[in-house]
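**Student:** I have a structure here, written as structure tokens, and I will follow up with some questions on it.
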Amino acid sequence: MDTDSILAQIPEYVQAQQQLSDLADKYKSAVEVDLGKVDRMYKQYQQDKSSYTASQRENYENQIISAEQDVKEKQKLYFGEDGVIAKKTSELIDPIKKRVQNAIDAVAISGDYGLVIDIAANTGVVYYNPKWNLNDAILKILK
């Protein structure tokens, strides 16, 4: 069985993946804009720092550090373990994966299989005979 192949044939999964990709691109662009601002601040500071007093240099350095920290927080908010992308992935993908798992369980029980191996998730597979592939039976249940 190959869950990657099964998921690729489920339109809702493909749409969810596209939504997640679009969302990630949007957030990536927002972060890149902010990183560009920080980079410009730093370059401007490097260019002008000789004309600043010690107090002004310290103030400007603190502004740059603060801006960098803001960008890191935004990255964590969007892409972190509990970030927007992770939550949206869970919202969109988990129900589909649960349906696939239920279909796998049904095929395994009805076929009296003791073990079903997912070749998409197992890098230790050294031989695979397509004759025993359960994808079609699983897709039949899902449709």
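The values are calculated or read from the model by the stated rules, or taken from the named source; none is laboratory data. Predicted, not measured: the structure shown is a model, and the values here were computed from it. Glycine gets a Cβ as well: all are built from the backbone with ideal geometry, and neighbour counts include every protein chain shown. Calculation scope for accessible area: heavy atoms of the full protein, side chains included, ligands and nucleic acids excluded. Shrake-Rupley method; radii C 1.70, N 1.55, O 1.52, S 1.80 Å.
**Student:** Round to the nearest 10 and give me the degree value, 0 to 90, for the angle of helix 84-110's Cα axis relative to the longest principal axis of the chain.
**Tutor:** 10 degrees
**Student:** Using the crude model of +1 on Lys and Arg Cβ and -1 on Asp and Glu Cβ, and no other charge, please compute the dipole size for the chain relative to its Cα centre, in debye to 20.
**Tutor:** Charge dipole of the chain: 180 debye, to the nearest 20.
**Student:** Calculate how steeply helix 11-48 sits against the longest principal axis of the alpha-carbon atoms of the chain, using the helix alpha-carbon long axis, and give the answer as 0 to 90 degrees to the nearest 10.
**Tutor:** 20 degrees
**Student:** Scan (i) 11, 35, 27, 13, 7, 5, 2, 1; (ii) 10, 32, 30, 19, 7, 1; (iii) 10, 26, 20, 16, 12, 9, 6, 2 for the value of P(r) over Cα pairs in 10 Å bins from 0, in percent calculated from this model and give just the label.
**Tutor:** Matching the structure shown: (iii).
**Student:** While we're on this one: At a Förster radius of 41 Å, what calculated FRET efficiency corresponds to the Cβ-Cβ distance of residue 61 and residue 90, to the nearest 0.05?
**Tutor:** The calculated FRET efficiency here is 0.55.
**Student:** Might you work out the accessible area of residue 104 for me, using a 1.4 Å probe with all protein chains in place, and round it to the nearest 10 Å²?
**Tutor:** Probe radius 1.4 Å; accessible area of residue 104 about 20 Å².
**Student:** If R₀ is 35 angstrom, what is the calculated FRET efficiency for the pair residue 133 and residue 30, using the beta carbon separation as r and rounding to 0.05?
**Tutor:** Approximately 0.25, to the nearest 0.05.
**Student:** What pairs in 28/49; 28/74; 74/98; 28/76 have C-alpha atoms more than 22 Å from each other?
**Tutor:** Too far apart for the 22 Å limit: 28/49; 74/98.
**Student:** Here's another thing I want to ask about it. Using 7 Å Cα-to-Cβ label points, what is the residue 50/residue 98 separation (nm, one decimal)?
**Tutor:** Those two pseudo-labels are separated by 6.5 nm.
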